[in-house]
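Notes to accompany the following structure.
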Amino acid sequence: MALHLATEEQQKQILAELKTTHEQLNKDVIYLKRWLKLQPHLPQCTTDTNIAAFILGSKNNLELAKKKIDSYYTVRTTIPELFTKRDPQDNAFKESAESLLVAPLPKLTPDGCRVTMAGFRIPGPNKYDVITLVKRILSIADIRFQQEVFTNGDYLIIDGNRFSLAHALCLTPSLVRQVVFCSQEVYPLRIKGIIYFNVSYIVNAVVKFAKPFLRSKHFDRMTLYSEDHHVLLNHFPKEMLPRDYGGEETPLIELSSLWMKRLEAERGWLLGDGMQKVDEEKRPKGNKTNKVVDDLKTSDGLQNLNLD
């Protein structure tokens with residue numbers, strides 16, 4: 001699925017806000033490419049586009065960009081269950097698309113932010129494999145950042161309709177923390193807002209459960225509505241929202257299907273360079289990165305979730 005990339009004017013605005021220029025960004029990419037060559041433990045397959053995305057996603061902080069690039073390859077070793085067996089032709093991947101619709105919306109917001117939208121298709125846990133869903137979402141992010149450099153941040157819209165207690169009970173503290181870690185410490189995301197609508201008491205309980213894993217600024221950027229999709233017009237132009245959610249853009253069900261086809265088209269990358277990971281035996285002594293803490297592997301589920 002083709003994304004509408006930032007216009008020249010939006011690029012200038014984004015660079016100005018980050019106090020850099022096209023020329024300086026190119027120099028910074030060259031600098032990080034040289035740095036990468038001196039890291040024997042890291043794969044040498046990171047593209048210029050991907051490096052530039054990490055730089056801007058780190059708010060032009062090159063040291064933070066280094067940590068994110070290192071973490072990007074480290075989590076593939078530390079959390080292999082989220083980054084292996086990512087073949088979009090597998091039945092599990094295809095069935096996940098029948099359970100959850102998810103897609104970055106084609107158009108940027110007027111100020112250059114990318115919006116990703118997700119919503120459940122079926123109310124029960126049938127065909128709901130939460131690990132495969134996360135794999136699919138991370139695969140979309142991987143492909144997106146192979147293409148997209150210039151954004152002014154990210155919004156996530158989540159439709160709480162059809163999200164049931166059965167869905168919630170499939171979550172575990174370790175998985176929630178892993179997903180939060182990837183979004184905050186690994187991928188070049190600048191989260192501007194997370195908007196839930198059609199929120200039930202179950203969604204409220206899950207959000208409350210996730211709070212300890214989130215940075216306070218990201219939790220504060222959450223907005224929860226019990227109302228339906230019409231509230232989205234308080235945040236985004238009608239022309240960029242899907243038609244099945246009151247907008248004028250391609251329906252989410254079609255966008256999600258198009259992104260599944262995009263993953264299938266990128267199957268070679270997902271099973272090739274997309275599988276590259278850190279080689280800890282070659283990591284220089286004293287070189288540390290943002291590592292997932294040991295308690296990410298706790299296995300307790302949400303059976304004790306407080307739904308009051």
Tell me the helices (runs of 4 or more DSSP H) entirely within segment 39-116 that contain at least 1 residues that are farther than 20 Å from residue 259 by Cβ.
48-57, 62-78
Residue ID - farthest from the chain's Cα centre (by Cα), chosen from residues in segment 96-130 that are modelled with pLDDT under 95 and aliphatic (A, V, I, L, M)
122
Can you confirm whether segment 257-271 contains a residue that is outside any helix (DSSP H, G or I), in contact (Cβ under 8 Å) with a residue 60 or more places away in the chain and either closer than 27 Å to residue 67 by Cα or not assigned by the TED database to the domain that holds residue 100 (or both)?
yes
Which residues, counting only those in segment 148-171, are under 30 Å from residue 47 (Cα atoms), assigned to a loop (DSSP other than H, G, I, E, B) and not small (Gly, Ala, Ser)?
148, 149, 150, 151, 152
Could you list, in sequence order, all residues of segment 250-308 that are modelled with pLDDT of 90 or more and of a type in the set (Gly, Ala, Ser)?
256, 257, 265, 268, 272, 274
Tell me, yes or no, whether segment 187-198 has at least one residue that is farther than 24 Å from residue 148 by Cα and out of contact with any Gly (no Cβ under 8 Å at 6 or more places or on another chain).
no
Could you please give the count of residues in segment 1-17 that are surrounded by 17 or more Cβ atoms within 10 Å (Cβ to Cβ), more than 21 Å from the chain's Cα centre (by Cα) and not polar (S, T, N, Q)?
1
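Quick grid of which residues meet (1) buried (at least 19 other Cβ atoms within 10 Å of the Cβ); (2) without any contact (Cβ under 8 Å) to a residue 40 or more places away in the chain; (3) closer than 19 Å to residue 140 by Cα:
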position: 35; (1), (2), (3): no, yes, no
position: 42; (1), (2), (3): yes, no, no
position: 57; (1), (2), (3): yes, no, yes
position: 75; (1), (2), (3): yes, no, yes
position: 98; (1), (2), (3): no, yes, yes
Let me spell it out: the conditions are (1) in a helix (DSSP H, G or I); (2) farther than 21 Å from residue 213 by Cα; (3) of a type outside the set (Phe, Trp, Tyr); (4) modelled with pLDDT under 95, and residue 174 meets all of them except one. Which number is the exception?
(2)
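The values are calculated or read from the model by the stated rules, or taken from the named source; none is laboratory data. These figures come from a predicted structure and were not determined experimentally. Cβ sites come from the backbone with ideal geometry, for glycine too, and all protein chains shown count toward neighbours.
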